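Below you'll find the structure, written out as structure tokens, and then a few comments.
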Amino acid sequence: MKLHEYQAKRVLRTYGVPTPKGFPVRDAADAREAAEKLGGKVVVKAQIHAGGRGKGGGVKLAGSPAEAERLAAAMLGMTLVTHQTGPQGRLVKRLLVEEQLPISREIYLGITLDRSARRPVLMASAQGGVEIEEVAARDPSAILREPLSGPLLHAYQARRLAFWLGISGDAFRPAVAAMRALAKAYDETDASLAEINPFVLTEDGRAVALDAKLDIDDNSLFRHADLARLRDLDEEEPLETDAINHGLNYIKLDGNVGCMVNGAGLAMATMDIIQHAGGMPANFLDVGGGASKDQVKNGFRIILSDPSVRSILINIFGGILKVDVLAEGIVAAAKELAISVPMVLRLEGTNVEEGRQILADSGLDFIVASDMKEAARQAVARAA
Ligand code: GDP
Ligand code: MN
């Protein structure tokens, strides 16, 4: 789950990471008021779940409250396109109005999980303010990677990082403290990514998180009720939210062959074989090992809400869930939803013969394939 910048900063502040003073707003008049409280000169920042806003026109400096109001009016309601939003962009509904800081240096700090090392790693670079992927591609030696040996970044590690980054003078101690606070926040919020880009040193010797990104592991949200409340449904794919609410694992993709599959491994194999057959999956959908009739129905409903779906491939292995029970569910759901796109099925497992009989007796026009390859071929052909 992604947080907005203003939410991430609020969380990081509670851990002791310094951030600029600012206020989230939803209309231009409030932006003006915020700018007045902040002394006039402010930064107006679009709050969307994507980075690269600076280059895309989503971060603007205002010299006065009146200018902040004008910039806010122009930014709210605009579709902001950055290299992370995709060409369709994102509608701007919220802004963060912050005090301007006298920046002397921009640094990159980020913590994520290093799967191969089985521990979090803090990455730092003196080349902040640009995408870390860009730095990695251009000059990998410009990034220092400090593995976290426990949940915390030790003081000696943070000091070593600060030396390497060339931080000295008044900013040294606050920078060390901020890095350690970032590591603590990463650990205690069960984040999958905690990034400050840029982390700035100011001309008056402060070290401040000018931008912040915090992604929380969805699987941990049950123990973070306060963070779970920060979810912004405006920023999420409505079908994916719908699926979560019905215990389904759904991800929308760009193709036209809808997939209903049980088990994540089989779902991935199904997407692969669709591509192998020359087609493109419209989605990833795992209905789970013990899919009920209701889940099958909701699965169909969600697949069919995507207007690009031209055929549906149902690939189910009946283990926990017996194939005849599933077939009944499919028939009932197909009748209830009056499904009009071709449905290709590949069913295997317990009671498969009874299941096939139920489909044949239903009077509905199912295409029952003998194996996965044949099922994919048929589904792709019907979607063409
Ligand atoms: P992103 O492009 O989505 O990552 O948005 P950021 O919050 O990182 O802002 C992009 C850039 O805007 C930063 O790297 C800074 O160069 C600039 N910027 C943001 N806030 C300020 C500020 O208070 N003062 C100045 N001078 N520049 C700022
Ligand atoms: Mn940034």
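The values are calculated or read from the model by the stated rules, or taken from the named source; none is laboratory data. Note that the structure is a prediction, hence the values are computed from the model and not measured. Cβ: placed from backbone, ideal geometry, glycine included. Neighbour counts: every protein chain shown.
Which pairs have Cβ atoms under 6 Å, sit 6 or more apart or on different chains, and link a residue in the range 196-211 that is touching a residue at least 24 places away in the same chain (Cβ under 8 Å) and within 17 Å of THR112 (Cα to Cα) to one that is near ligand 1 (Cβ under 9 Å from one of its atoms) and in a loop (DSSP other than H, G, I, E, B)?
Between residues of the range 196-211 that are touching a residue at least 24 places away in the same chain (Cβ under 8 Å) and within 17 Å of THR112 (Cα to Cα) and residues that are near ligand 1 (Cβ under 9 Å from one of its atoms) and in a loop (DSSP other than H, G, I, E, B), the close pairs are ILE196/ALA212; ASN197/GLY128; ASN197/ASP211; PRO198/GLY128; PRO198/GLY129; PRO198/LEU210.
Checking VAL121 against (1) more than 21 Å from GLN7 (Cα to Cα); (2) within 16 Å of ligand 2 (Cβ to nearest atom); (3) at pLDDT 95 or above; (4) surrounded by fewer than 18 Cβ atoms within 10 Å (Cβ to Cβ): exactly one of these is not met. Which one?
(2)
Go through LEU364, LEU326 for me and flag whichever is in the same structural domain as ILE251 (by TED's automatic domain parsing) and buried (at least 22 other Cβ atoms within 10 Å of the Cβ).
On the way: LEU364 fails: buried (at least 22 other Cβ atoms within 10 Å of the Cβ).
After ruling out the rest, the residue left standing is LEU326.
Yes or no: the range 301-320 includes at least one residue that is crowded, with 18+ Cβ neighbours inside 10 Å, assigned by TED's automatic domain parsing to the domain that holds LEU266, under 27 Å from the mean Cα position of the chain (by Cα) and assigned to a helix (DSSP H, G or I).
Yes, because at least one residue in the range 301-320 is crowded, with 18+ Cβ neighbours inside 10 Å, assigned by TED's automatic domain parsing to the domain that holds LEU266, under 27 Å from the mean Cα position of the chain (by Cα) and assigned to a helix (DSSP H, G or I).
Conditions first: (1) surrounded by 15 or more Cβ atoms within 10 Å (Cβ to Cβ); (2) in a helix (DSSP H, G or I); (3) out of contact with any helix residue (DSSP H, G or I) (no Cβ under 7 Å at 6 or more places or on another chain). GLY255 passes all but one, so which condition is the exception?
Here GLY255 meets the rest and fails (2).
If I go through the range 168-200 residue by residue, how many of them are part of a loop (DSSP other than H, G, I, E, B) and more than 17 Å from the chain's Cα centre (by Cα)?
Applying the first criterion (part of a loop (DSSP other than H, G, I, E, B)) to the range 168-200 yields 168, 189-190.
Then keep just the ones that are more than 17 Å from the chain's Cα centre (by Cα); that gives 168.
Qualifying residue count, the range 168-200: 1.
State which residue is farthest from the chain's Cα centre (by Cα) when the search covers only the range 4-57 and only residues that are aliphatic (A, V, I, L, M) and under 19 Å from THR189 (Cβ atoms). Steps first, please.
Kept after step one, since they are aliphatic (A, V, I, L, M), are these residues of the range 4-57: 8, 11-12, 17, 25, 28-29, 31, 34-35, 38, 42-44, 46, 48, 50.
After this cut, where a residue has to be under 19 Å from THR189 (Cβ atoms) as well, the list is 8, 11-12, 17.
Working: ALA8: 14, VAL11: 18, LEU12: 19, VAL17: 23 Å.
Looking at the filtered set, the residue picked out is VAL17.
Show the residue pairs meeting these rules: Cβ distance below 9 Å; 6+ apart or different chains; first residue within the range 58-87 and under 17 Å from ASP27 (Cα atoms); second residue part of a loop (DSSP other than H, G, I, E, B) and more than 15 Å from ligand 1 (Cβ to nearest atom).
Note: pairs meeting the criteria are ALA72/ASP27; ALA73/ASP27; LEU76/ARG26; LEU76/ASP27; LEU76/LYS93; GLY77/LYS93; THR79/GLN88.
Any idea how many residues of the range 68-108 are assigned to a strand (DSSP E or B), closer than 30 Å to ALA124 by Cα and either more than 16 Å from ligand 2 (Cβ to nearest atom) or of a type in the set (S, T, N, Q) (or both)? Show your work before the answer.
So the first thing to find is which residues in the range 68-108 are assigned to a strand (DSSP E or B), and the list is 79-80, 90-91, 95-99, 103-108.
So of that shortlist, the ones also closer than 30 Å to ALA124 by Cα come out as 80, 90, 95-99, 103-108.
Checking the rest, the ones that are also either more than 16 Å from ligand 2 (Cβ to nearest atom) or of a type in the set (S, T, N, Q) (or both) come to 97, 99, 104.
Qualifying residue count for the region: 3.
Residue under question is ASN256, and the condition is that it be within 16 Å of ligand 2 (Cβ to nearest atom), modelled with pLDDT of 95 or more and over 16 Å from THR14 (Cβ atoms); does it hold? Lay out the reasoning, then the answer.
Details: within 16 Å of ligand 2 (Cβ to nearest atom): no; modelled with pLDDT of 95 or more: yes; over 16 Å from THR14 (Cβ atoms): yes.
No.
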